[in-house]
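I have placed the structure first, in the form of structure tokens, so that the comments after it can refer back to it.
The values are calculated or read from the model by the stated rules, or taken from the named source; none is laboratory data. All of these numbers come straight from a predicted model, not from anything done at the bench. Here the Cβ positions follow ideal geometry from the backbone for every residue, glycine too, while neighbour counts run over all protein chains shown.
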Amino acid sequence: MEPQDDPRFLKGIDEFNRQLFFECHETLEELWLEERGEDRKFYQAIIQIAAGYYKLQQGVPVGAVKLWRTGLDKLAPYEPFFYGINVESLLHTVRGHLTQLEADPQKAAAAIDTPTIALIC
């Protein structure tokens, strides 16, 4: 079964898009733990980005910055599209949020609109 056909993958993306970042982390972690190949880093990247938005929701912008940096580094090799996800678009959005947060953590934390993950299946 391809990952984009796995109900857990689709559930995790749906949770991300509904801003249920903790739940997204938990759901995709199941896939990450099962994966033994190079795609493991892809799952880890999405998990870290979701966890960064969760930290932002919790009022911990420093945690968001750290998680986004590591998630972005892991996700970059999967551009432009991977498993039906528009990786390029997600990277662009998260990089913009990272720049905003680094420039002015308090102001940016209140103004950041969370992204959605576009599935192209």
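Annotations
- Among the residues listed as Ile47, Ile85, the single one being out of contact with any helix residue (DSSP H, G or I) (no Cβ under 6 Å at 6 or more places or on another chain), buried (at least 20 other Cβ atoms within 10 Å of the Cβ) and closer than 20 Å to Asp6 by Cα: Ile85
- Scanning region 19-38 for residues that are out of contact with any helix residue (DSSP H, G or I) (no Cβ under 7 Å at 6 or more places or on another chain) and either under 18 Å from Ala64 (Cα atoms) or in contact (Cβ under 8 Å) with a residue 12 or more places away in the chain (or both) gives Gln19, Leu20, Glu26.
- The set of residues in region 55-67 that are assigned to a helix (DSSP H, G or I), among the β-branched types (Val, Ile, Thr) and either surrounded by 14 or more Cβ atoms within 10 Å (Cβ to Cβ) or within 13 Å of the chain's Cα centre (by Cα) (or both) contains only Val65.
- Scan of region 24-44 for residues that are surrounded by 19 or more Cβ atoms within 10 Å (Cβ to Cβ) and part of a loop (DSSP other than H, G, I, E, B), ordered by number: none
- Among the residues of region 68-114, those identified as at pLDDT 90 or above, outside any helix (DSSP H, G or I) and not aliphatic (A, V, I, L, M) are Glu79, Pro80, Phe81, Phe82, Tyr83, Gly84, Asn86.
- Pair list, Cβ under 7 Å, 6 or more apart: region 84-110 residue farther than 18 Å from Gln57 by Cα, other residue part of a helix (DSSP H, G or I) and not hydrophobic (A, V, I, L, M, F, W, C): Gly84/Gln4; Val87/Tyr78
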